[in-house]
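Colleague: Please find one structure pasted underneath; my questions will follow.
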Amino acid sequence: MILHCMKKSLWEERKNEAAWGGEEIKSDGFIHCSTVEYFWRVAPNFKGCADELVLVCIDESKLKSEVRYEDGDNCGRAYPHIYGLVNNDAVLSVLPFLTDSNGDYVKNPEIANVED
């Protein structure tokens, strides 16, 4: 399972579509994702976002598009990038982006068993 973070309002627009992600592909060339294990490293990028966020949990084995694990900033960790649209039947669940009183990410109970 891989995670993609997005605004909840955007998910509400996309959840009934067959596939989504064209805007991300147009701007970045792919759709940024993270493994559950590395999401805590990505989560600070969303701190202070005024919009409500969600974590879209994707079964990469059900994706029709190619997934490449890449270390684009040479940090020693490869992150999954989706090179094409996300077909919604690959979405396993959508979880709230949880934060503590300081606005720091808190791992969802549904994925708490996955070690960082």
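The values are calculated or read from the model by the stated rules, or taken from the named source; none is laboratory data. All figures in this text were calculated on a predicted structure; none of them were measured in a lab. FYI the Cβ positions are ideal-geometry reconstructions off the backbone, even for glycines, and counts take in every protein chain you see. Only protein heavy atoms, including side chains, enter the accessible area calculation; ligands, DNA and RNA are left aside. Shrake-Rupley method; radii C 1.70, N 1.55, O 1.52, S 1.80 Å.
Colleague: Please go through the range 76-85 and pick out each residue that is small (Gly, Ala, Ser) and either within 14 Å of Gly29 (Cα to Cα) or open to solvent by less than 60 Å² (accessible area, probe 1.4 Å) (or both).
Modeller: Residues satisfying the conditions are Ala78, Gly84.
Colleague: Hey, another quick one. Evaluate the range 80-88: report whether one residue or more is outside any loop (DSSP other than H, G, I, E, B) and more than 15 Å from the chain's Cα centre (by Cα).
Modeller: no
Colleague: Given the options Asp89, Asp100, Asp73, name the one that is surrounded by fewer than 13 Cβ atoms within 10 Å (Cβ to Cβ) and in contact with a helix residue (DSSP H, G or I) (Cβ under 9 Å, 6 or more places away or on another chain). Working first, answer last.
Modeller: Values: Asp100 fails: in contact with a helix residue (DSSP H, G or I) (Cβ under 9 Å, 6 or more places away or on another chain); Asp73 fails: in contact with a helix residue (DSSP H, G or I) (Cβ under 9 Å, 6 or more places away or on another chain).
Every option except Asp89 fails the conditions.
Colleague: Taking Glu17 as the residue in question, decide whether it is farther than 21 Å from Asn102 by Cβ, at pLDDT 95 or above and assigned to a helix (DSSP H, G or I).
Modeller: Details: farther than 21 Å from Asn102 by Cβ: yes; at pLDDT 95 or above: yes; assigned to a helix (DSSP H, G or I): no.
When the stated conditions are applied, Glu17 does not pass them.
Colleague: Among the listed residues Gly29, Gly48, identify the single one that is out of contact with any strand residue (DSSP E or B) (no Cβ under 9 Å at 6 or more places or on another chain) and either basic (Lys, Arg) or on the phi > 0 side of the Ramachandran plot (or both).
Modeller: Going through Gly29, Gly48 in turn, the sole match is Gly48.
Colleague: Still on this structure: Could you check the range 10-28 and list, in sequence order, the residues that are open to solvent by 40 Å² or more (accessible area, probe 1.4 Å), farther than 15 Å from Tyr79 by Cβ and of a type outside the set (Ser, Thr, Tyr)?
Modeller: Those that are open to solvent by 40 Å² or more (accessible area, probe 1.4 Å), farther than 15 Å from Tyr79 by Cβ and of a type outside the set (Ser, Thr, Tyr): Leu10, Glu12, Glu13, Lys15, Asn16, Glu17, Ala18, Glu23, Ile25, Lys26.
Colleague: Being in a helix (DSSP H, G or I) and open to solvent by less than 80 Å² (accessible area, probe 1.4 Å) is the filter here; which residues of the range 29-68 pass it? Even if it seems obvious, please write down each step before you answer.
Modeller: Step one: list which residues in the range 29-68 are in a helix (DSSP H, G or I), which gives 39-46, 60-62.
Those that are in a helix (DSSP H, G or I) and open to solvent by less than 80 Å² (accessible area, probe 1.4 Å): Phe39, Val42, Ala43, Phe46, Glu60.
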